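Just so it is clear, none of the values below were taken in a lab; they were calculated from the coordinates. Every value quoted in this text rests on a predicted model; they were computed, and no experiment measured them. Here the Cβ is made from the backbone with ideal geometry for all residues, glycine too, and neighbour counts use every protein chain on show.
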Amino acid sequence: MDGAMGPLWLCLLILTALLGPTAPQAGGGGTNPECWRSPLSPTCDSPPADLGSSVFVFPRESQSAHVQVTAKLEKPLNNFTVCLKSYTDLTRPYSLFSYATRKQSNEILLFKPKPGQYEFHVGNQFLSFRVPETLGEAEHVCASWESSTGIVRFWFNGKPWPRKGLQKGYTVGVPASIVLGQDQDSFRGGFDAKQSFVGEISSVYMWDMGLSTMEAVSALYDTPEQTPLFGWNNFPYKIVGEVYLKP
């Protein structure tokens, strides 16, 4: 190395040490540009993924196995919609979607106590919806709620059910722990194996607004018209215990 190159080379080494590598590192953190953008600004603990035609498989009854939705909602909810698809042959009670806060374990809960019936909970109060028994067939449901009227809308396989109402004037709190496949009786815990889900869950979406019937049908086909807080095409999640993501 000649005398002129020596100082230049030393400067380059110092700059490299200060700035670090510019290429992204495997497993690195930071803001993920793939997260859904919304007024609630959820962030992701891990990179979300387009799950496409994949499903979460819950192979057996468990007191611990579940999927955490890792989106972090920063503002309370005065309106929301939850949609998902499930496939199971269970006849006992089970939980599909559980949204808990430290003050309220059943802040939002989508629960099936028996074939042919769903329970939709908001703030520890619930409504029941009777549906056809379709044992051995996949079921898609959406449930929405608005605080100003308390009106709840429910769709089964894209078909709207009669509107009902509960918790007028209520506000769904944050921060929240959102879990698939278990009923939280406490924040991030209190699971009961006899209420655990066994089967397949997919096409999970949540919005901070109500949906029309056309928009609920779009969710059934994984082509949402409105940008969700989180959704199957860009899903932030963490698997805990024996749950598998399969085509």
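Observations on the model:
- Percent RCO, i.e. relative contact order, over the range 77-137, from Cα pairs under 8 Å lying at least 6 residues apart: 26
- Count Lys and Arg as plus one, Asp and Glu as minus one, and take only other residues whose Cβ is under 11 Å from that of Ser177; the net charge is then +2.
- Considering all C-alpha pairs of the range 68-246, those separated by over 22 Å amount to 39%.
- Scanning residues 5 or more positions from Val55 or on other chains, those with amide H under 5 Å from its amide H are Lys246, with H placed 1.01 Å from N in the peptide plane.
- Cβ crowding within 10 Å averaged over residues, with 201-207, 144-150 ranked highest first: 201-207, 144-150
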